[in-house]
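The structure appears right after this line, and notes come after that.
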Amino acid sequence: MEILLWIVIAALFILSIAGIFLPVIPDTILLWGGFLLYHFFIADPGAGLPASFWWRMAVLSVLLYGADLLTNMYFVKKYGGSKASSWAAALGILLGVILFPPFGMLIMPFVLVVLVEMLIQKQPFERAVKAGVGSLIGFLGSVVVKVVLQVVMIIWFFVAL
């Protein structure tokens, strides 16, 4: 039975990495599922993962959730977008996940940033597209950050055993 549980834990970890690229898969929740499965069903009673592990995973989980929004907002601003465009990029990520998975996370922030820059900020098309490109770079940057964070969390899990 323990072997089957380890297979499920490994599958949860693999699916969590896939969730970075397929936003319909709840990546962080799957990681936690693996941690909890080990802690409650494999570890000896009273000898599971230490409290320090759980606190660190909580902090890294918050960073995972914030990675998409913060990196997108940062790069939109860096590429000349307004504060309104930064918020449009964040809204675009959320709407993209809901309305057009899995590619909505790329398309919606770009479209919303370009529209906000052109219609509200009265920027020329070229400058609006440049800010939109910032949203694409932000998304790609967040993918890198999330992969690194998840790999760190998985390695930390195995070190903490």
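The values are calculated or read from the model by the stated rules, or taken from the named source; none is laboratory data. None of these values were measured; they are calculated from a predicted model. Please note: Cβ atoms are built from the backbone with ideal geometry, for glycine as well, and neighbour counts cover all protein chains shown. Ligands, DNA and RNA are stripped out before the accessible areas are found, and what is left, the full protein with its side chains, is counted by its heavy atoms. Shrake-Rupley method; radii C 1.70, N 1.55, O 1.52, S 1.80 Å.
Which ones in region 38-61 are outside any helix (DSSP H, G or I) and either over 13 Å from PHE157 (Cβ atoms) or open to solvent by less than 30 Å² (accessible area, probe 1.4 Å) (or both)?
The initial filter retains those residues of region 38-61 that are outside any helix (DSSP H, G or I), namely 43-50.
Listed by number, the residues that qualify are ALA43, ASP44, PRO45, GLY46, ALA47, GLY48, LEU49.
Which residue pairs have Cβ atoms closer than 6 Å, lie 6 or more positions apart in sequence or on different chains, and pair a first residue in region 45-71 that is closer than 30 Å to PHE110 by Cα with a second residue that is among the small types (Gly, Ala, Ser) and surrounded by fewer than 17 Cβ atoms within 10 Å (Cβ to Cβ)?
Cβ pairs passing all conditions: none.
Which ones in region 21-37 are open to solvent by less than 50 Å² (accessible area, probe 1.4 Å) and β-branched (Val, Ile, Thr)? Reasoning before the result, please.
Keep residues of region 21-37 that are open to solvent by less than 50 Å² (accessible area, probe 1.4 Å), which gives 23, 25, 27-28, 30-31, 33-35, 37.
Those that are open to solvent by less than 50 Å² (accessible area, probe 1.4 Å) and β-branched (Val, Ile, Thr): ILE25, THR28.
Has region 2-17 got at least one residue that is acidic (Asp, Glu), surrounded by fewer than 16 Cβ atoms within 10 Å (Cβ to Cβ) and not in a helix (DSSP H, G or I)?
Narrowing region 2-17 to residues acidic (Asp, Glu): 2.
With the extra rule that they be surrounded by fewer than 16 Cβ atoms within 10 Å (Cβ to Cβ), the set shrinks to 2.
Restricting the remaining residues to those that are not in a helix (DSSP H, G or I) gives none.
The answer is no, given that none of the residues of region 2-17 is acidic (Asp, Glu), surrounded by fewer than 16 Cβ atoms within 10 Å (Cβ to Cβ) and not in a helix (DSSP H, G or I).
Go through (1) among the hydrophobic types (A, V, I, L, M, F, W, C); (2) open to solvent by 20 Å² or more (accessible area, probe 1.4 Å); (3) assigned to a helix (DSSP H, G or I) for VAL76 and report which single condition fails.
(2)
Any idea which of ILE93, ILE98 is crowded, with 23+ Cβ neighbours inside 10 Å and within 30 Å of LEU36 (Cβ to Cβ)? Break it down stepwise before answering.
Numbers: ILE98 fails: crowded, with 23+ Cβ neighbours inside 10 Å.
Residue meeting the stated conditions: ILE93.
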